[in-house]
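**Q** Next up is a structure, given as structure tokens.
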Amino acid sequence: MKPLFAALSLLALAACGSNAPRATDTPAMAECRAEAERTPAAQAMYGRINIQNPNNRDRVEREREQIVNRAYADCMTRRGATRGGGVEPVRRSGF
């Protein structure tokens, strides 16, 4: 039985790290997520990252996440869907 549990846990880890569409995503949501990831601003952030500097890496990843989230929200708005909420998330400090 133990090998079965080990295989299932590896499968679960592989599924978590994949870029597959979420189960609750509609086709429009999946298309907007893909479009947001392909935006030039999000792609340009990869050129600014310094892998050897953890502070820079964290800052650039936070900035990239904000860019992708904004692009996703803009895409959904263009399609006529609005996101829930209405309060912008709290941004972590850079220190």
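**Q** Using a simple charge model, +1 on the beta-carbon of Lys and Arg, -1 on the beta-carbon of Asp and Glu, nothing else, what dipole does the range 23-78 show about its Cα centre, in debye to the nearest 20?
**A** For the range 23-78, the charge dipole is close to 200 debye.
**Q** Given axes a ≥ b ≥ c from the Cα gyration tensor, I'd like to know whether the range 23-78 is rounded (a/c under 1.5), prolate (a/b larger than b/c) or oblate.
**A** Verdict is prolate for the range 23-78.
**Q** Just want the answer: with Cβ charges of +1 for Lys and Arg and -1 for Asp and Glu, which residue in Ala42, Thr26, Pro54 is farthest toward the dipole's positive end in the range 23-78?
**A** Pro54
The numbers here are math on the coordinates, done by the rules we state, and not lab data. Because the structure is a prediction, the values reported are computed rather than measured. Backbone-built Cβ (ideal geometry, glycine too); neighbour counts: all protein chains shown.
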